[in-house]
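Remarks on the structure that follows.
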Amino acid sequence: MLNPDLKIAFIGGGNMAEAILSGLLLSGHSPLNLMVCAPSSKTRERMANKHQVRVSRSNAQAVLFADVVIVAVKPDKVTSVCEELRCEMNDLQKDPLVISVAAGVSWQLISESLGGRRRVVCAMPNLPSALCRGVTGLFSDPCVPEAQIAQANSVMRTIGKTVWVEEESQMPAIVATAGSAPAYFFLFMEAMETEAVAQGLPRHIATDTVIQSALGAISMASQSEDSLATLRERVTSPKGTTEQALNRLKEGKLEEIVAKAMRSAAFRTNELYTN
């Protein structure tokens, strides 16, 4: 369980930072123990007004304030941000746990940018974390103390499930399977909604029907001990409407398209690691 007195600061106020912050608030964490540091006055004002959390322009304030610093900036900004944090940590003689949620930035690079500090964890949450329904892939070097591993896990568990990988080379697969996954589902649902409207349903009925069907399927999958393949077979009657629809999807090589999409997401993540 997350210590309710734990002070957490976010460097960056974009979508991922707000998703994690929203999840923490939804889980009951006090806004007084959360801070967002961002250069944009509009971002700070929005975060303060919307979430009643502390805000600052200065990353030094994050180091001074926090037990945990979550680096939630774009990948190309991570090194410079961590180098600034290193200076602040040295000046203030503080050593908070640093969690990076930037895709494609290695543990080693972050540690080096922080002056060789080892209290570093790489995390890859997805946007449903804002509703405490996310899944986060995590990696840390074996040299990271168990206490910090447990602390990082407790932070990310408040916003959904956590999955630890043994090798950092597995993180691109986490991005492809979890980080990008909500968009896959949204696209599929959008296609269903569009066709339902084309077949004559009012848009609001089409949208509600697609969403509820997805929720029902997800509930079945999460509550059943059967495999996904078995669940699919259970709702597919021979020579019925569902079989006809699935045959068209197979003719369109849906499985192959999904595989290509996930490989592309993983490949792009690997590109970020090497750049």
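Remarks
- Of residues in the stretch 170-179 being buried (at least 18 other Cβ atoms within 10 Å of the Cβ) and without any contact (Cβ under 8 Å) to a residue 60 or more places away in the chain, the one nearest to the chain's Cα centre (by Cα): 178
- Among residues of the stretch 78-104, those that are surrounded by fewer than 19 Cβ atoms within 10 Å (Cβ to Cβ) and assigned to a strand (DSSP E or B), counted: 0
- Residue within the stretch 117-135 that is touching a Gly at 6+ places or on another chain (Cβ under 8 Å) and of a type in the set (D, E, K, R) present: yes
- Of residues in the stretch 25-47 being of a type in the set (A, V, I, L, M) and closer than 14 Å to residue 9 by Cβ, the one surrounded by the fewest Cβ atoms within 10 Å (Cβ to Cβ): 32
- Inside the stretch 26-62, residues that are in a helix (DSSP H, G or I) and modelled with pLDDT under 95 make up a count of 5.
- Failed item in (1) under 17 Å from the mean Cα position of the chain (by Cα); (2) surrounded by 19 or more Cβ atoms within 10 Å (Cβ to Cβ); (3) more than 25 Å from residue 111 (Cα to Cα); (4) among the aliphatic types (A, V, I, L, M), with residue 55 passing the rest: (1)
- A single entry from 271, 225, 256 fulfils the requirement of being of a type in the set (D, E, K, R) and not in a helix (DSSP H, G or I): 225.
- Test: residue in the stretch 66-77 that is farther than 25 Å from residue 163 by Cβ and in a helix (DSSP H, G or I): yes
Rundown of residues vs (1) touching a residue at least 12 places away in the same chain (Cβ under 8 Å); (2) under 15 Å from the mean Cα position of the chain (by Cα), yes/no style:
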site: 114; (1), (2): yes, no
site: 117; (1), (2): yes, no
site: 122; (1), (2): yes, yes
site: 130; (1), (2): yes, yes
site: 147; (1), (2): no, no
site: 153; (1), (2): yes, yes
site: 156; (1), (2): yes, yes
site: 163; (1), (2): yes, yes
site: 168; (1), (2): yes, no
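- The residue list 27, 40 contains one member that is out of contact with any Leu (no Cβ under 7 Å at 6 or more places or on another chain) and in contact (Cβ under 8 Å) with a residue 60 or more places away in the chain, which is 27.
- Lone unmet requirement of (1) within 25 Å of the chain's Cα centre (by Cα); (2) outside any helix (DSSP H, G or I) for residue 236: (1)
The values are calculated or read from the model by the stated rules, or taken from the named source; none is laboratory data. Here the structure is a predicted model, which means the values were calculated and not measured. Here Cβ is always computed from backbone atoms with ideal geometry, including for glycine, and neighbour counts include all displayed protein chains.
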